[in-house]
Amino acid sequence: AVCSMGNSTSLLYSVLAKTLSSGAVSQHQDCLEQLDSAQLDPIDPKELLEECQIVLQKRPPRFQRNFVNLKKNTASNHRPIRVMQWNILAQALGEGKDNFVQCPMEALKWEERKCLILEEILAYKPDILCLQEVDHYFDTFEPLLSRLGYQCTFFPKPWSPCLDVERNNGPDGCAMFFLKERFQLVSSANIRLTAMKLKTNQVAIAQTLKCRETGRLVCIAVTHLKARTGWERFRSAQGCDLLQNLKNITQGAKIPLIVCGDFNAEPTEEVYREFSNSSLNLNSAYKLLSPDGQSEPPYTTWKIRPSGECRHTLDYIWYSQHALDVNSALGLLTEEQIGPNRLPSFNYPSDHLSLVCDFSFNQDPDRLL
């Protein structure tokens with residue numbers, strides 16, 4: 001049997017054509033079983049990037065973003081750990097529910113948009129990748145990223161809104177990927193978040209990893225909290241539940257922690273204060289880009305819907321400031337780069353910007369605890 005790529009160019013048959021283009025995952029079980037054997041063959045990331053660029057040759061080139069050095073003393077015995085956080089925009093929601101009134105439907109075409117997403121990931125080469133709104137995990141991200149050397153984990157929402165969209169590709173959820181050459185998995189937990197003692201539709205993944213180079217442990221978590229105005233108390237309760245889970249997993253901050261997520265919450269919300277004031281001693285890495293190190297970026301998502309323009313800071317990378325240092329962070333897109341029609345666009349595949357930070361272990365992990 002052949003897994004069709006729809007309109008995909010034949011040049012991509014060797015790598016990208018082994019991913020499926022559409023349809024619910026359950027309808028493609030035969031294809032997925034065939035993909036298992038393909039995962040054993042590594043992909044050269046340069047080759048995959050070149051193939052993505054062939055698909056994208058009619059689109060504008062990638063935006064240039066620069067890393068900002070944040071650590072005065074850059075001397076370190078070990079390579080930094082690069083962490084990438086990104087809500088990539090579920091395909092079913094982008095096409096069927098989100099109603100980006102200034103974004104042409106042609107720009108949302110999955111055959112090209114997935115290449116824009118992959119191009120962004122390949123450009124920054126994260127050691128750890130945390131994604132939200134992943135609805136093409138089994139047919140795209142897991143088959144490709146596993147062949148790039150990542151260990152892959154996916155936890156879908158119990159009642160994903162993607163399932164309401166005609167010709168969906170299954171539920172969306174959170175996904176985590178880490179390079180096996182850099183880390184060994186110690187433990188993994190899929191967490192269904194609760195609020196007011198009730199199970200909710202939002203989830204998190206928390207994995208404790210052992211750094212092969214240093215022997216140090218680090219816990220990585222990814223989450224996506226409840227969206228929309230009016231749900232602030234609900235998000236606060238979800239945040240409290242996640243923090244309690246993470247306290248248990250990290251043995252009360254004995255294990256350094258990095259939490260990536262789309263919190264759907266501005267810095268003025270209670271859930272943000274809960275993370276800022278937690279006994280886990282967390283700081284938000286992107287605050288360090290501000291002149292005083294105290295202010296979040298002006299936006300991490302910028303889009304236009306029928307109700308009007310939405311510019312918000314919702315995405316964060318939290319980290320244990322007693323045990324980890326932020327060496328650098330990737331600067332955000334400027335308003336000029338984003339353009340008047342905002343996101344997503346032919347230039348950029350999601351309505352959320354990717355966040356990327358380089359971390360190093362502190363030599364004295366108990367100094368601020």
Q. So who's got an amide H within less than 5 Å of the one on Leu70, skipping anything under 5 residues away but keeping other chains? H placed 1.01 Å off N, in plane.
A. Ser328, Ala329
**Q.** Around Asn248: net Lys/Arg minus Asp/Glu count, Cβ-Cβ under 13 Å
**A.** +1
Q) So between Ala189 and Arg62, what do we pick up on full extension, going 0.36 nm a residue minus the alpha carbon distance? A) 42.2 nm
(Q) Once you order the gyration tensor axes a ≥ b ≥ c over the Cα atoms, which shape class does segment 266-369 get: rounded for a/c under 1.5, otherwise prolate or oblate by comparing a/b with b/c? (A) prolate
Q: Determine the sum of side-chain charges near Leu49: Lys and Arg each +1, Asp and Glu each -1, restricted to other residues whose C-beta is under 11 angstrom from that of Leu49.
A: -3
Q: Springs between alpha-carbon atoms under 10 Å, Gaussian network over the chain: tell me which of Glu336, Glu296, Glu133 tops the mean-square fluctuations.
A: Glu336
Q | Anisotropy class of segment 29-180 from Cα gyration tensor, a/c 1.5 cut | A | prolate
(Q) Quick check for you: with a 1.4 Å probe and neighbouring chains kept, what is the accessible area per residue of segment 78-361, in Å²? (A) 36 Å²
Q | Accessible-area ranking of Leu49, Leu242, largest first, probe 1.4 Å | A | Leu49, Leu242
Q: Please give the length that would be gained between Lys254 and Glu270 if that part of the chain were fully extended, namely 0.36 nm times their separation in residues minus their C-alpha to C-alpha distance (nm, one decimal).
A: 3.2 nm
(Q) Report the gain in length on full extension from Arg311 to Glu335: 0.36 nm times residue separation, minus Cα-Cα distance, nm rounded to one decimal. (A) 7.6 nm
Q.
Tell me the net charge near Leu89. Cut-off is 14 Å between Cβ atoms, Leu89 excluded, with +1 for each Lys or Arg and -1 for each Asp or Glu.
A. -3
Q) What part of the accessible area of the chain, given as a whole %, is carbon or sulfur when the probe is 1.4 angstrom? A) 49 percent
Q. At a Förster radius of 45 Å, what calculated FRET efficiency corresponds to the Cβ-Cβ distance of Lys247 and Glu106, to the nearest 0.05?
A. 0.45
Q: Provide the solvent-accessible area of Met196, counting protein heavy atoms only and rolling a 1.4 Å probe, rounded to the nearest 10 Å².
A: 110 Å²
Q. With r defined as the distance between the Cβ atoms of Asp164 and Lys71 and R0 fixed at 56 Å, what FRET efficiency is calculated, to the nearest 0.05?
A. 0.75
Q: Provide, in order from the shortest bin, the percent of all Cα-Cα pairs of the chain in each 10 Å bin, continuing until the bin that contains the maximum pair distance.
A: 5, 25, 36, 26, 9, 1
Q.
As I understand it, the dipole of segment 78-361 uses +1 on the Cβ of Lys and Arg and -1 on the Cβ of Asp and Glu, about the Cα centre. Which of Asn248, Ala227, Ser290 lies farthest toward its positive end?
A. Asn248
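The values are calculated or read from the model by the stated rules, or taken from the named source; none is laboratory data. As the structure is a computational prediction, the values presented were derived from the model and not from experiment. Cβ sites come from the backbone with ideal geometry, for glycine too, and all protein chains shown count toward neighbours. Quick note on the areas: whole protein, heavy atoms, side chains included, nothing else; ligands and nucleic acids left out. Shrake-Rupley method; radii C 1.70, N 1.55, O 1.52, S 1.80 Å.
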